[in-house]
Structure formats: structure tokens, C-alpha cells
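Structure record follows, encoded as C-alpha cells.
We did not get these values from a lab; they are worked out from the coordinates using the rules stated. Not measured: the values here are computed from a predicted model. No Cβ is skipped: glycine too gets one built from the backbone with ideal geometry, and neighbour counts run over all protein chains shown.
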Amino acid sequence: MNELIIFALLLILALTFDFLNGFHDAANVVATMIASRALTPRLALALAAIANLIGPLLFGTAVAKTVGEGIVVADSVTITVVMAALLSASIWNIITWWYGIPSSSSHALVGGLVGGALAFGGPDMIIWRGVALVFAALFLSPILGFVVGWLVLRITFFLARGATPRVNTTFNRLQLVTATSLALSHGTNDAQKTMGIITLGLVTLGIQESFHVPTWVILTSASAIGLGTALGGWRIIHTLGGKFFRIRPIHSLTSQFASSSVILGASLLGGPVSTTHVVSSSIVGVGSAERRSQVRWYNLTDIGVAWLVTIPVTLLLSAILYYVLRIFLGP
């Protein structure tokens with residue numbers, strides 16, 4: 001099959017994954033803002049979509065390089081491996097969205113890459129040191145989100161001591177800043193994963209000699225995730241916005257600040273993290289900082305299960321898809 005046709009198929013799969021990522025993860029940015037009534041749903045999604053579009057253009061491509069160069073051996077894997085990974089991650093995103101479970105697109109993509117590469121050439125196709133670093137970022141970032149959320153709420157309570165209920169108006173206005181920051185950090189981290197995959201495809205097919213992210217890849221990836229965010233995943237918005245505890249303006253403000261700090265820090269360091277799990281853990285950290293008994297801990301079960309099984313499931317699914325795709329595309 002012509003290389004340009006194959007790349008066109010890869011591009012469609014990659015941008016579909018990117019769109020689903022934005023659609024699936026829109027809840028990360030807007031759920032608490034809607035729950036605290038800082039903005040209407042339409043305005044919240046519009047703000048998030050615009051910031052998600054701009055984010056990848058501002059903060060470099062460190063995460064894209066990690067995904068494209070740090071997980072699998074770029075010179076040894078094939079386009080079939082990359083397509084299997086994208087299909088696996090996209091299918092998992094649709095399943096978890098359907099059931100309203102906040103799962104990780106990052107976990108899904110990493111699991112898909114590793115599964116496809118293992119099916120193609122075995123363990124030698126994996127950069128194990130890079131995988132270990134990625135796994136550390138994926139698994140430690142929710143813990144950091146919980147801790148930072150807990151600390152930020154305690155500090156905010158101290159600074160706002162003695163304030164009247166009118167302070168909630170100030171908190172809601174400040175959410176325009178924190179929600180924008182969260183959306184920028186989300187776009188920065190998540191869109192870069194798609195940039196890394198597309199660039200990996202360019203190198204694998206020989207269309208591009210070295211790994212550098214072209215400007216058109218940045219623009220198309222940013223546009224796809226922005227469009228997905230604009231349409232929004234309402235099932236997951238409901239989960240994050242109300243199932244943990246009753247969110248008030250102070251909870252929304254502090255969880256957004258904590259989440260954006262962790263995600264943006266990881267993005268600048270090149271660490272692909274799960275924005276879904278960072279936001280979820282920040283919300284829970286904020287709630288438990290006020291009163292542990294107000295958090296509905298049993299509602300964390302689905303998220304915890306998804307956190308644990310996403311990589312194994314997408315790894316296995318990607319390996320199966322690789323063997324199917326190689327019938328049509330070759331190894």
C-alpha cells in the first residue's frame with residue numbers, strides 16, 4: 001500500500017484518538033466549575049475548548065518527544081504497531097466514556113504502544129527505562145494531585161478565615177483564571193501525546209528522517225483536542241462534578257489550582273500524566289482536607305479499577321489488533 005495512503009490512515013486514527021481524548025477529558029476542566037456554578041455549561045466548555053487549543057502552542061513539545069522516542073524503539077517498530085496502539089486506546093476511551101468512568105487516555109496509549117511493540121518484535125522493541133519513567137509519572141501524579149489539593153485547601157481556609165459568604169463570589173471569579181490554567185495544562189500534556197504518535201509515524205514511514213514535531217502536527221493536534229473538548233463528555237462531567245461530594249466554589253477553585261500545577265509541571269518536564277486521575281485525586285484531596293467523612297469514598301471504586309486495568313487491557317487489545325492489522329498492512 002502507498003506510504004502516503006498509510007500515513008493518511010494513521011493521521012485519521014491519531015486525530016480521532018485526540019478528539020476522543022478531548023471529548024472524554026472535557027470533564028477534567030469544566031466539571032467543578034459547572035458544579036460550583038461559576039459558569040454555565042456552555043461558557044465553561046467554550047473556555048476549556050479555547051484554552052485546550054492554545055495550550056499545545058505555548059509550552060513546547062517535551063511530552064511529544066517522550067511518547068514518540070521514549071517508549072518504543074522508533075527505528076524498529078512499524079506503522080502497524082502505531083495503528084494498533086491508537087485503535088486500542090480509542091476503543092478503551094469509548095467504553096469508559098459510555099459507562100461514565102473517568103479513565104486515563106495516557107494509560108491507554110502507553111499500554112497500546114507497549115502491547116503492539118511486544119506483538120511485533122518482543123521485549124527488545126521496548127525502551128524499558130523510558131517505560132519505567134513514564135509509569136512513574138502516571139502513577140505518582142495522582143498521589144501528588146491529592147497532596148497538593150489537600151494543602152491548597154487548608155492554606156485557602158487559613159487565608160479566608162473570618163470571611164463572609166460573599167467570598168464565594170470572589171472564588172467564582174478567580175475560577176476563570178484557574179480553570180483557564182487547567183485547560184491550558186491539559187491541552188499541553190494530552191495533545192502532545194498525539195503529536196508524538198503522528199511524528200513517530202512520519203519517522204517510521206521514512207517521510208521524516210529525524211524526530212521533530214512539525215508545526216502542522218502541532219496545529220492539527222491542538223485543533224482536534226479543542227473540538228473534542230467543545231463537545232464535551234457529559235457522562236463523566238456528572239461523575240467528577242457531583243459523585244464525590246457537594247462541590248462549593250472554594251473546592252472548585254483549589255482543586256483546579258492543584259491540578260493545573262501538577263499537570264503543567266509534568267508537561268514542562270516531559271512527563272505524560274493522566275489528567276483525569278490528577279483532577280480526580282485533587283478533588284478528593286480537597287474534599288478530605290475539609291472533612292474526610294463528606295467524601296463518598298465508595299464512588300472511587302470505578303476510577304480505581306480503571307486506573308489499575310487500563311494498561312493491561314489496552315496492552316492485550318493492542319497486541320490482538322496488531323495481528324489483525326498485519327493481515328492488511330503487513331508487519
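Amide H contacts for VAL72 (H built 1.01 Å from N in the peptide plane; partners 5 or more residues away or on another chain; cut-off under 5 Å): ILE127. Between VAL309 and LEU269, the simple label model (points 7 Å from Cα in the Cβ direction) yields a spacing of 3.1 nm. Backbone geometry of region 274-290 corresponds, through the Karplus equation with coefficients 6.51, -1.76 and 1.60 at θ = phi - 60°, to 3J(HN,Hα) couplings of 8, 5, 4, 6, 5, 5, 4, 5, 5, 4, 5, x, 5, x, 6, 5, 7 Hz, x marking Gly and Pro.
Charges only on Cβ, +1 for Lys and Arg, -1 for Asp and Glu: so what's the dipole of the chain about the Cα centre, in debye to the nearest 20? Kindly include the intermediate steps, with their values, before the conclusion.
Values: 17 positive and 10 negative charges, 329 e Å.
Rounded to the nearest 20 debye, it is 1580 debye.
Sequence-distant contacts, meaning Cα pairs under 8 Å at least 6 residues apart, place the relative contact order of region 3-329 at 39 percent.
3J(HN,Hα) along region 126-135, derived from phi through the Karplus expression 6.51 cos²θ - 1.76 cosθ + 1.60 where θ = phi - 60°, amounts to 9, 8, 5, 5, x, 4, 4, 5, 5, 4 Hz, with x in place of Gly and Pro.
Between ARG248 and HIS212, the modelled labels are 5.4 nm apart [label points 7 Å from Cα along Cα→Cβ].
Once the Cα-Cα distance is subtracted from the 0.36 nm per residue extended length, the ILE95 to ILE155 segment shows a gain of 17.8 nm. 3J(HN,Hα) along region 198-205: 4, 5, 4, x, 4, 6, 4, 7 Hz, from the Karplus curve 6.51 cos²θ - 1.76 cosθ + 1.60 with θ = phi - 60°, whole Hz, x for Gly and Pro.
The candidate values are (i) 56, 40, 36; (ii) 68, 36, 32; (iii) 69, 41, 35; the one derived from this structure for Cα extents along the principal axes in Å carries the label (ii).
Could you compute the FRET efficiency for VAL177 and LEU57, with r as their C-beta to C-beta distance and R0 at 22 Å, rounded to 0.05? Before the final figure, lay out each step's value.
Numbers: r = 19 Å, r/R0 = 0.87.
E between VAL177 and LEU57, to the nearest 0.05, is 0.70.
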